[in-house]
Amino acid sequence: MLFSLRSKLVFGLLYILGFAAADVSARTLQGSAGLVVADSEHASQAGMEILKRGGNAIDAAIATALALSVVDQGSSGLGGGGFMVIYRAKDKKSFALDFRETAPAASRRELYLRDGKPVPAASLTGPLAVGVPGEVAGLIEAHKKFATLPLAVLAAPALKLASEGFPVDAAMKVSIERGANNFKRFPDLGRIYMPNGEVPKEGDAIRQPQLAATLKAIAQQGNEAFYRGWIAEAIVEAIKKEGGVMTLDDLKNYKAVWREPLIGSYRGRTVITMPPPSSGGVALLQMLNVVEGYKFADFTHNSAPYLHLLSEAMKHAFADRAEHLGDPDFVHVPQRKLTDKNYATWVRGRIVAEKTFAPTYYGYYNYNGEKGSTTHFSVIDKDGNAVACTQTVNTRFGSKMLVAKTGIVLNNEMDDFAIHGDTGNVYGLVGNQANSLQPGKRPLSSMSPTIVLNGNRPEIVAGASGGPRIINATLQTILNILDFKMAVGPAVEAARIHHQWMPDRLGVESGVGAEQRKDLEKRGHALRGQSALGVVQAITWDGTTMNGAADSRKVERARTE
Ligand code: GLY
């Protein structure tokens, strides 16, 4: 057998459910001729099926993405968008594909205000929350440039899952339970996910015949069907009926964009990650540059001194995120300055071991004088091609609008623009002009699909879901593997922290010990216990064996956000 999915044979696809992320284990997978790790077993299998048929990593990634758009529309799908970072082994080239949603041409900040005051719900739920979806354009673009199998073959597993149905798993059941009010308020969503008006039981089948027809049309006609044909018309009709501003022209004009990948280094490795409009890659490189100056091998993993240094690096990076990052097609993003090793040296000089500082202390400014959802999957094929892909509809089930004729759940990515002033967005993220809402602009993202090369070998393929926690979860996974020499399973599962500068508090998972917490408080950190700081899917490859881990936090996250 080409593929040894050892989890299936030995571990029996473990999803050990628990109430604290630290008490549970990742779903671990192993292979020697290619591996796909998604946060859904069906989606991983869809990708593996394609690898077995001789498809490459990009073929597998497209099949995985399409399957995710069926089995977990709560997290990502045809109504959303994402980013894909690709490493091509034969010529050692890397690529970054941006299929992030854009603001409709008629959108403006005033639509999200009442009596001059921000209305947070407007950018989160319903028609004004929806950005022009980029997922289909992104997958078609990746297919055009890299794929070896026809789109119809790659869409087949997703089509089967949509038409024949897929069994509800623990994470999906919890999501539906927790969102029951929305499913009542948005009956088109409810008809699919709460048939008979009840929360389905684990194992019950969810069938999506309209989504199957949509997938079939996309597999046959590509972008034409989605962005110009009956699917576009159905989306616009549904949004208009509810009072939204998206038009057929918005869909017609949408384009996925190839961007120059962001390339940095960490302890002799090459780090390939996503440039703006993701803030993830810039922040990740900033933090890696800062912590590279510390000898973490001398620290105890997750000790207070270690976590303090990490949170200080996070505060600096997120201060810069709020100040400087936005869509590079609209604003100048000083990414070279922010990811410069000299800047990192200066940041290290401002970090002291004994205490943390007030928010004004952080960020490049001084130097010069998301409840969320989303999903990440990682792929490596037998030839060493790698794909790190993170995709999203933003928060769970996005805008909650399901376009009945198409079966598609529409995103609420408009909330990722800085439109709510000091109160920040659903994740408490603040921003300024760089990420202001403008027609056609892409909202700033935290998605950080990342490939770490050791020489020319993809050593780590990683990324996460979890709004701004994505960036810090990806960072800590990389550090756990490279600095603390952990295998991928423990690296993904180890307790994490999260600081995003504002609000000025340090999130800590339950696995961070009481003594470490006290010690961090002594340094001035305001701690906040959190149960699932991001959901990571990662693969490591030592040149012989590929090991993958799907984070067990997926269920816990659905339960607590
Ligand atoms: N919608 C979450 C993100 O892109 O950061």
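The values are calculated or read from the model by the stated rules, or taken from the named source; none is laboratory data. What you see is a predicted model, and the numbers here were worked out from it, not measured in a lab. For neighbour counting, all protein chains shown are included, and Cβ atoms are generated from backbone atoms with ideal geometry for every residue, glycine included.
Before moving on, here are some points about what is shown:
- Members of region 274-290 found to be within 13 Å of the chain's Cα centre (by Cα) and either more than 16 Å from LEU429 (Cβ to Cβ) or more than 16 Å from the ligand (Cβ to nearest atom) (or both), listed by number: MET274, GLY281
- Residues located in region 420-458, provided they are more than 14 Å from the ligand (Cβ to nearest atom), closer than 21 Å to PRO133 by Cα and of a type in the set (A, V, I, L, M, F, W, C): LEU437
- Going through (1) aliphatic (A, V, I, L, M); (2) at pLDDT 95 or above; (3) not in a helix (DSSP H, G or I) one by one, LEU288 falls short only on (3).
- Among the residues of region 240-255, those identified as surrounded by fewer than 24 Cβ atoms within 10 Å (Cβ to Cβ) and either among the aliphatic types (A, V, I, L, M) or within 16 Å of the ligand (Cβ to nearest atom) (or both) are VAL245, LEU248, LEU251.
- Filtering region 427-449 to residues that are touching a helix residue (DSSP H, G or I) at 6+ places or on another chain (Cβ under 6 Å) and more than 28 Å from ASN253 (Cα to Cα) leaves only VAL430.
- Evaluation of THR406 against (1) within 16 Å of the ligand (Cβ to nearest atom); (2) closer than 23 Å to SER175 by Cβ (one fails), failing number: (1)
- Condition check for THR375: within 16 Å of the ligand (Cβ to nearest atom), polar (S, T, N, Q) and touching a Leu at 6+ places or on another chain (Cβ under 8 Å): yes
- Picking from residues in region 388-403 that are more than 9 Å from the ligand (Cβ to nearest atom) and under 13 Å from the mean Cα position of the chain (by Cα), the one that is surrounded by the most Cβ atoms within 10 Å (Cβ to Cβ) is ALA388.
To keep it simple, each residue is scored yes or no on (1) of a type in the set (Val, Ile, Thr); (2) modelled with pLDDT under 95; (3) more than 18 Å from SER465 (Cβ to Cβ).
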residue: HIS376; (1), (2), (3): no, no, no
residue: ALA386; (1), (2), (3): no, no, yes
residue: ARG396; (1), (2), (3): no, yes, no
residue: ASN425; (1), (2), (3): no, yes, no
residue: GLY440; (1), (2), (3): no, no, yes
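- Within the option set ASP327, ASP320, being part of a loop (DSSP other than H, G, I, E, B), of a type in the set (Asp, Glu) and buried (at least 22 other Cβ atoms within 10 Å of the Cβ) holds for one residue only, ASP327.
- Qualifying positions in region 507-561 - of a type in the set (D, E, K, R), at pLDDT 95 or above and surrounded by fewer than 17 Cβ atoms within 10 Å (Cβ to Cβ): GLU515, LYS518, ASP519, GLU521, LYS522, ASP542
- Output for region 247-265, where each listed residue is under 16 Å from ARG336 (Cα atoms) and not basic (Lys, Arg): GLU260, PRO261, LEU262, ILE263, GLY264, SER265
- Number of the exception - ARG348 against (1) more than 24 Å from the chain's Cα centre (by Cα); (2) outside any helix (DSSP H, G or I); (3) among the charged types (D, E, K, R): (2)
- Set SER163, SER175: member being under 30 Å from GLU198 (Cβ atoms), in contact with a helix residue (DSSP H, G or I) (Cβ under 7 Å, 6 or more places away or on another chain) and either of a type in the set (D, E, K, R) or at pLDDT below 95 (or both): SER175
- Exclusive hit being touching a Lys or Arg at 6+ places or on another chain (Cβ under 6 Å) and within 19 Å of LYS240 (Cα to Cα), set ALA122, ALA96, ALA103, ALA129: ALA103
- Candidate set from region 196-244 (those that are in a loop (DSSP other than H, G, I, E, B) and under 30 Å from GLU110 (Cα atoms)); member that is nearest to the chain's Cα centre (by Cα): GLY244
- Selection status of TYR294, at pLDDT below 95 and of a type in the set (Phe, Trp, Tyr): no
- Region 447-479, residues that are touching a Leu at 6+ places or on another chain (Cβ under 8 Å), modelled with pLDDT of 95 or more and in a loop (DSSP other than H, G, I, E, B): SER448
- Check on ALA212, under 24 Å from LYS255 (Cβ atoms) and either at pLDDT below 95 or not polar (S, T, N, Q) (or both): no
- The C-beta contact set for region 306-317 (first residue more than 15 Å from THR345 (Cα to Cα) and assigned to a helix (DSSP H, G or I), second residue of a type in the set (D, E, K, R) and modelled with pLDDT of 95 or more, distance under 7 angstrom, 6+ apart or interchain) comprises HIS308/ARG523.
- With respect to (1) under 15 Å from the mean Cα position of the chain (by Cα); (2) farther than 26 Å from MET194 by Cα; (3) buried (at least 24 other Cβ atoms within 10 Å of the Cβ), the lone exception for ALA63 is condition (1).
- Take the conditions (1) more than 16 Å from the ligand (Cβ to nearest atom); (2) within 30 Å of THR148 (Cα to Cα); (3) touching a helix residue (DSSP H, G or I) at 6+ places or on another chain (Cβ under 7 Å); GLY384 misses just one of them, which is (3).
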